[in-house]
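A short write-up of the structure that comes next.
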Amino acid sequence: MPSWDPDIYARYKGYRDRPALDLLLQIPADLDPKVIWDLGCGAGEQAALLARRHPQAEVFGLDSSPGMLASAAKRPEKVTWLRGDIAGFDPPRAPDLIFTNAALQWVPDHAALFPRLAACLAPGGVFACQMPTAFETRHHQILRQVAEEGPWAAATADARLIQPTPSLSDYYGWLATGCALVDIWTTTYLHVLEGKDPVVDWMMGTALRPYLDRLPEGALRDDFLAEFTRRIAEAFPPGADGATLFPFPRLFMVARRR
């Protein structure tokens, strides 16, 4: 997994928090969870919120990033923070709620992953997931093109972790086998960004991390970033008011086990 910098990630906290809050609002109101897992918990905002919302529950936050978990551990809420890989998630007790925000797009083989996560749930348990549909976006297309065309191509070949988004009907089928209720929807958020090269700045906290991890400090890395920045500036120019409009599509799903 790529390295994550919680300070960079937090630059656009308001925009990044909103999809998670939109997802939380769709969790069935009658759910009274005793065991909650936040998979890919990052710096712990949502796990902490779930702990406050359900004080009787045992709440776990799982992430692969030591930096993110170090930030999460500073929170006062009662959450057990664990370092681990979502692909190997195997809880000792069946969760009543599995919540995951902007994490599963990094995990391969959704055809196996999603049914397995749903099968982990206790009867009546809920799986709530939000993911960027990143592969098809213009900024990710540019990122792949730049990575494939320059002298850094060999070094970044295994950094292309994001895969094409499966169809909504695929996700429905993977979840409906074990779940009585499956609700799936998409939303495109129009982010209004300011400052110099704001789309690149946004991506420094997420999509660029796997590429930068594979390019050591120096001319090659600088040239890669310069070419990427140039192409992004052409694709996302600021408007007359100085703001850069950045459409960002996301996929949501809430499923409840029989």
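Readers should treat all values here as calculations from the given coordinates under stated rules, not as data from a laboratory. This one's a predicted model, so the numbers in the text were calculated from it and none came from an experiment. Heads up, the Cβs are rebuilt from the backbone with ideal geometry, glycines too, and the neighbour counts pull from every protein chain shown.
On a straight-distance basis, which lysines could pair with Lys78 in a cross-link, Cα separation under 18 angstrom, same-chain partners fewer than 8 positions away excluded?
The reachable lysines, counting only those whose Cα sits under 18 Å from Lys78, are Lys34.
If you wrap the stretch 6-257's Cα atoms in a convex hull and average its projection over all directions, what's the area in nm²?
If you wrap the Cα atoms of the stretch 6-257 in a convex hull and average its projections, you get 13.9 nm².
So what's the gap between the Cα centers of the stretch 217-245 and the stretch 108-135, to the nearest angstrom?
Measuring centre to centre over Cα atoms gives 34 Å.
Let me make sure I get this right: for the stretch 30-104, a, b and c are the square roots of the gyration tensor eigenvalues over alpha carbons, sorted descending. Under 1.5 in a/c it's rounded, otherwise prolate if a/b > b/c, else oblate. Which is it?
Note, shape of the stretch 30-104 comes out oblate.
Just to verify a number: FRET efficiency for Leu31 and Lys74, C-beta to C-beta distance, R0 = 25 Å, to 0.05?
Efficiency at R0 = 25 Å is approximately 0.35.
Could you compute the FRET efficiency for Thr186 and Arg18, with r as their C-beta to C-beta distance and R0 at 25 Å, rounded to 0.05?
After rounding to 0.05, the efficiency reads 0.95.
Taking the Cα atoms of the stretch 35-158, report the difference between the largest and smallest coordinate on each principal axis, in whole Å and largest first.
Cα spread of the stretch 35-158 along its principal axes, largest to smallest: 54, 33, 23 Å.
In a shell of Cβ-Cβ distance under 11 Å around Pro123, excluding Pro123 itself, what net charge do Lys and Arg (+1) and Asp and Glu (-1) give?
+2
If the elastic network links every pair of Cα atoms under 10 Å, which of Gln105, Gln130, Gln56 fluctuates the most in the Gaussian network model of the chain?
Maximum among the listed residues: Gln56.
Give, rounded to the nearest 20 debye, the magnitude of the charge dipole that the stretch 6-257 has about its Cα centre when Lys and Arg contribute +1 at Cβ and Asp and Glu contribute -1 at Cβ.
520
Of all DSSP beta bridges in the stretch 6-257, what percent run antiparallel (nearest 5)?
55
Given Met204, Thr186, Ala240, which one lies farthest toward the positive end of the charge dipole of the chain, if we put +1 on the Cβ of every Lys and Arg and -1 on the Cβ of every Asp and Glu?
Checked the options; the winner is Thr186.
How would the stretch 93-196 be classified by its alpha-carbon gyration tensor: rounded, prolate or oblate, with rounded meaning a/c under 1.5 and the a/b versus b/c comparison settling the rest?
It comes out prolate by the Cα gyration axes.
Which residue, Asp201, Asp158, Asp183, tops the fluctuation ranking in a GNM of the chain built on C-alpha contacts under 10 Å?
With Cα springs under 10 Å in the chain, the top fluctuation among Asp201, Asp158, Asp183 is at Asp158.
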